[in-house]
Every structure is written in C-alpha cells, then in structure tokens.
Amino acid sequence: MKADFENGPFKPTFDSLRTFECPEWFRDAKLGIWSHWGPQSVPMVGDWYARFMYMEDTEQYRYHARVYVHPSEFGYKDIVQLWKAEKFDPEALMELYVAAGAKYFVAQAMHHDNFFNYDSKWHKWNAVQMGPKKDIVALWKAAAIKKGLPFGLTEHMGATYSWYAPNKGSDKKGPYANVPYDGNDPAFEDLYLPNREHYDPNKGMWDLDPWYTPNESWHRHWLEVMKELIDRYEPDLLYSDGALPFGRIGESPTESDGAARFEAGLEAVAYLYNKSASLHGGVNQAVYNQKDRRQSVYSIGILDIERSQESDIKTEPWQTDTCVGEWFYNVRAVYKTPAHVIEILVDIISKNGNLLLNIPQKPNGTLDDECTYLLREMAAWRSVNEEAVYGTRPFRDSGEGPSSVVIDHFKEDAVDWTPADFRFTRRGNVLYAFQMRWPEDGKAIVRTLTEADKVKSVRLLGAGEVPFEQPYGTLIVRLPDKRPTSYVHVLAVELEE
C-alpha cells in the first residue's frame, strides 16, 4: 500500500525527476560535516577493512591474522561486536562542527559492510541490536536538529552485494590454505550475503566490476531499506556511494536495455522528494547526491564528486566529498592541514560547489587531537571570513592567477598557490576576493575587474577598510602589516551598482 505522499509531484522517471530544483539551504550552506563511521573503525587501520581482511596478502588481512586470529575463525561478524562507541557524544561533536562552519550534517546509515547504524526492521545486523546497542543515526539527527542543521544520510548499500564477495574465499597458501573464511558459513549469510556469483579468487583488491550487482532481489531489498530510512529519519539529503542505483556509469538511461537498471534508484529518489514535499507545503527541500557525471543523470539531483573538484563554475550547485585523512579511522593516516582544507573549500565555493568533509572518528566515538585542532583552526578562520562564504554566489569568473587544483580522480594534492592567485564569490554588488597567499610586498592586485567595474570601497575582512587604486580597471590594494588570519584572507570589494 502506498503512502499518501507518494502521489506527490515527483514520479519515478528521469523526465519527472529532472524538474528538481536545488533548495536554497543547499546553495547557501557551502560546508557540511560527515560522520563516515561504523565497525570498520575498530581495527583503526583505515578503509574497506570488511573487504580486505578476506583478501590474502593485503595489509588488513595480515593485521587481522596477527591482532585477532585467522578470518576463518574470527571474522567481520566478530569485529562488529567489538564496536561499542562508548564515548560517543554527538552533541559535543556537533558543537565543534558548527563552530568550524558546518551548515549541514550528514551521517552514514550503512557502509558496504552490511551493518546498519540504526534499528532496521529489515536487518538484525545493526547498531541497536549489536555492538554499540544504540541508534547512531537517531542520535546524530537529534544533535543536528538541536543546532538547526539540515540532516543528511549516506548509503553505501547499493554496492555491498558485489563488494563483499571476498568473504566467500579462502587462503591459497600457508597453514590455512583452502580453509573457508567465515563468510562461507550459512549461519551468517544474513550478514555476508548469498553473493557467491561475484566471488573470483583472481580479482585484485580494487577490481569491483560490477560495482552494482544485476541481482534484482538485491535491488528490491535496497529500495525497501531506502524507504525505511526516508520514513524514519526524513533526511534533507540522501547520498549514494556510486552512480544512481543500479545503473552502470556510462550506461544510457534512455536506452531500453539500460533504463530498467535505474528503476529502484528512480523510485527511491521520487520517494525522498515526495516525502520532503509533504513536510514542506508541497515544495521539495531534499537533495539527492550520486556520482554519475553525465548531465542526463545527475540533473535529477546534485552531482557529487569524490575526492576531486570541478575545473570551473557549474551552472547548478554540486558537491565534493572528501576526508581529512582516510574514510575510516587510521592511526597512521596523514591528515590534510587546516590550510589545505580551507583552500579546498574556497576553490570549491568559487565554482558554485559545496564541500562535504568527513572527520574520522575513533571507534569509541571521539576525535583525536589533530582533528580537534583542525576544527578549531577552521572555526577561527570562519569567525573572520564567513561573510565571504555562506549565502554567496559565484562571480562571473571563479578566479584568476597561474595556479589551479589538479582535476584527477582521487587526487587532492595541496596547491603551491601564489599571491597572484585569487578565488571569487559575490553577494549582491560585493565581490569577495580570496587571495590564496599573503604577498610579501603587501599588495593585492586583482586583474579580473575592468574599467566598467567601478570600485567604491575595499575591506580586508578582519581588519577593516584598506586603501586602493584602480588604474585602467585593475584593482591594487595596499594591505596592512598584520595578517587578520593565518590562512587565506579575503577582500570585500564593493562595486558601484
């Protein structure tokens, strides 16, 4: 039986969902904080533990065998029980996130490990019945609402069926050669899945073709879980880790042999938008993120780009998701510096994008000192420069100067910016010029402006008005001796209307 709101304005078709309009809250927000957290944080050795621990000769496999025991005897089902989240304080964390500048918050509902961070009627392997014995998602939502933040969820379940296949294997050599891993035990099939058709002992760590299984029963199960999440938590944002389920990137949504693959995904997105419309006077306020970069697909919501960026301004808002270090907590991870994170944010917002930033949590729910320091440095920078960030829109150019970010999948190297590098945003007749490096000669020179752009005044945020001249349109600003912030500084340039 359909819920009343399912008869809302959106139908589960590409044509209908392409009428999506980005809500103003997302355009204005610019920065979201993400909790990418679950049982895979327990070993504290980084990402994809529940897959790699079943792949002989990987770092995670060796760690597991040495610290715990061989995965035929002690598997991921046992790691789950070690996750207690005993020091998890979502309200205290939300205080830090809001101070750092977060305008929306996103929690992980489940990762590819098939463990749910909420109390699901569909799946007993969840954080209420096992491990922490608490509804992690509900606790996060309550903390976000208390701070007035839009609340989102990420789902990584679509790819689980194929991603999890290595648990059907066994060692090829050594004392446990040919001893089946515990993923072969039918008693735990509800966690490890009946996915043997995707197991290939010759596949490497990153060989995940297909990302999405063609198994239609899994598609139906995924859809029921998505509806449960939407009904229970009424998210303002839903993110899928991959393309729109269950299509393959590059597969045309208009061809008859491909369109059927998207049916579950289209139905979930329509359900999300209609639920939101029912809560907001008939107007959808929810956002859907996915990673297919073809306009014919991403126009049903907001394009998400993992660990990369756009080269220039996009007409419609978009989002980069990235992490301070690794997605799941790793004691050996090298973190991005505060300067690097702030520079990423500035570059993204100049191009009409948002940054969704994961702050990795320890298994007990706390942050380490380095993450706390990062957030406090972001907070100090925000307190000076927030006027140039939130609620702004792109200028006619995203910036100027010789340097640019590397546009390459999963490459986020820090840029060696120069004082000639600027990124721009605007609010009405005020241009905000982010100078990416402090000039040793004390001058900020903005060449993008023309003689038609008459400058009325210039402020250095955090310092006040500064002297300027504008010969032949070029803006030349004399900066004070003292910097107002340790990181990127901002000129607020008021133009004649």
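What do you get for GluC sites (Glu not before Pro) in the stretch 401-471 restricted to DSSP loop and a cutoff of at most 14 other Cβ within 10 Å of the site's Cβ?
Qualifying residues, ordered by number: E440, E451.
Sorted from fewest to most neighbouring beta carbons within 10 Å, what does the list E6, E24, E370 look like?
E24, E370, E6
What per residue convex hull volume, in Å³, comes out for the stretch 9-67 when only alpha-carbon positions are used?
Output value, Cα hull per residue: 168 Å³.
Amide H of M130 versus every other amide H placed in the peptide plane: which residues, excluding those fewer than 5 positions away on the same chain, fall under 5 Å?
Here the answer is none, since no amide H 5 or more places off falls under 5 Å of that of M130.
What is the dipole size for the chain, taken about its Cα centre, with +1 at each Lys and Arg Cβ and -1 at each Asp and Glu Cβ, in debye to the nearest 20?
Roughly 680 debye for the chain.
Sum -39500 (n - 2.57) across every DSSP H segment of at least 4 residues in the chain, then divide by the residue count to get the 222 nm mean residue ellipticity, nearest 500. Mind dumping the intermediate values first?
On the way: 15 runs with 132 residues, N = 497.
Calculated mean residue ellipticity at 222 nm is -7500 deg cm²/dmol.
Would you work out the Kirkwood radius for the stretch 87-180? I mean one over the mean of 1/r across all pairs of different Cα atoms, in Å.
In the stretch 87-180 this quantity evaluates to 15.5 Å.
With viscosity set to 0.692 mPa s at 37 °C, what whole-number translational diffusion coefficient in µm²/s follows for the stretch 399-495 from Stokes-Einstein and a Kirkwood radius over Cα pairs?
235 µm²/s
Considering Cα pairs under 8 angstrom that are at least six residues apart, work out the relative contact order of the chain and quote it in whole percent.
Contact order relative to length: 17 percent.
Determine the gain in length on full extension of the stretch R62-R483; use 0.36 nm per residue of separation and subtract their C-alpha separation, reporting nm with one decimal. Could the numbers behind the result be given before it?
Values: separation 421, 0.36 × 421 = 151.56 nm, distance 4.90 nm.
Roughly 146.7 nm would be gained on extension.
No solvent, one uniform scatterer per C-alpha: report log10 I(q)/I(0) for the stretch 142-220 via the Debye equation at q = 0.18, 0.22, 0.27 1/Å, two decimals.
Rounded to two decimals, the profile gives -0.79, -1.02, -1.33.
Round to the nearest 0.05 the FRET efficiency obtained for E370 and D4 when R0 = 41 Å and r is the Cβ-Cβ distance.
Calculated transfer efficiency: 0.25.
In whole Å, what are the extents of the chain along the principal axes defined by its C-alpha atoms, from largest to smallest?
Rounded to whole Å, the extents work out to 77, 52, 41 Å.
Name the long-range amide H neighbours of G169: under 5 Å, sequence gap of 5 or more, or other chain; modelled H, no Pro or chain starts.
Result for G169 returns Y181.
Hey, rough spin-label estimate for D312 and D190, points 7 angstrom out along Cα→Cβ, what's it come to in nanometres?
5.5 nm
With label points built 7 Å along Cα→Cβ from the Cα atoms of A92 and E497, find their separation and express it in nm.
It is 4.8 nm.
May I ask you to list the lysines whose Cα is less than 18 Å away from that of K146, ignoring any residue fewer than eight positions away on the same chain?
Hits, sequence-local ones excluded: K103.
Please name which of W122, A243, M94 has its Cα lying farthest along the dipole of the chain towards the positive end, using unit charges on Cβ (Lys, Arg +1; Asp, Glu -1) and the Cα centre as origin.
Going by the charge dipole, the pick is M94.
Can you put T315, T425, T320 in order of Cβ neighbours within 10 angstrom, beginning with the fewest?
Numbers: T315 8, T425 27, T320 23.
Placing the least packed residue first, the sequence is T315, T320, T425.
Which of T372, S278, L223 sits farthest toward the positive end of the charge dipole of the chain, with +1 on the Cβ of Lys and Arg and -1 on the Cβ of Asp and Glu?
The listed residue farthest towards the positive side: T372.
Give the residue list of chymotrypsin sites (Phe, Trp or Tyr not before Pro) in the stretch 371-463 that are DSSP loop and have at most 11 other beta-carbon atoms within 10 angstrom.
F410
Could you give the dipole magnitude of the stretch 399-495 about its Cα centre, charging the beta-carbon of Lys and Arg +1 and that of Asp and Glu -1, in debye to the nearest 20?
380 debye
Just to check I understand the Karplus step: with θ = phi - 60° and J = 6.51 cos²θ - 1.76 cosθ + 1.60, what whole-Hz values come out for the stretch 129-141, glycine and proline as x?
8, 9, x, x, 6, 8, 7, 4, 4, 4, 5, 4, 4
Restrict the search to the stretch 344-401; then list the trypsin sites (Lys or Arg not before Pro) that DSSP places in a loop and that have at most 10 other Cβ atoms within 10 Å of their Cβ.
On the way: sites: K351, R376, R382, R396; in loops: K351, R396.
Answer in residue order: R396.
Report, for the chain, the % of DSSP beta bridges that are antiparallel, rounded to 5. Walk me through the numbers before you get to the answer.
Working: 31 of 64 bridges.
Here the share of antiparallel DSSP bridges comes out near 50 percent.
For the chain, with the dipole built from +1 on Lys and Arg beta-carbon atoms and -1 on Asp and Glu ones, taken about the Cα centre, which of I359, Y63, N195 lies farthest toward the positive end?
Projecting each Cα onto the dipole axis, the largest value belongs to I359.
Taking a 30 Å limit on the Cα-Cα distance, which of the listed pairs K77/K141; K172/K411; K172/K336; K11/K134; K314/K411; K84/K275 fall beyond it?
With Cα atoms farther than 30 Å apart: K172/K411; K172/K336; K11/K134; K84/K275.
Order of R332, R51 from fewest to most other C-beta atoms within 10 Å? List each step's numbers first, then the result.
Values: R332 9, R51 22.
Starting with the residue having the fewest Cβ neighbours, the order is R332, R51.
Read-outs: derived from the displayed coordinates by stated rules, not from any lab. Remember, it's a predicted structure, so these values are computed and weren't measured experimentally. Note that we place each Cβ from the backbone using ideal geometry, even for glycine, and neighbour counts take in every protein chain shown.
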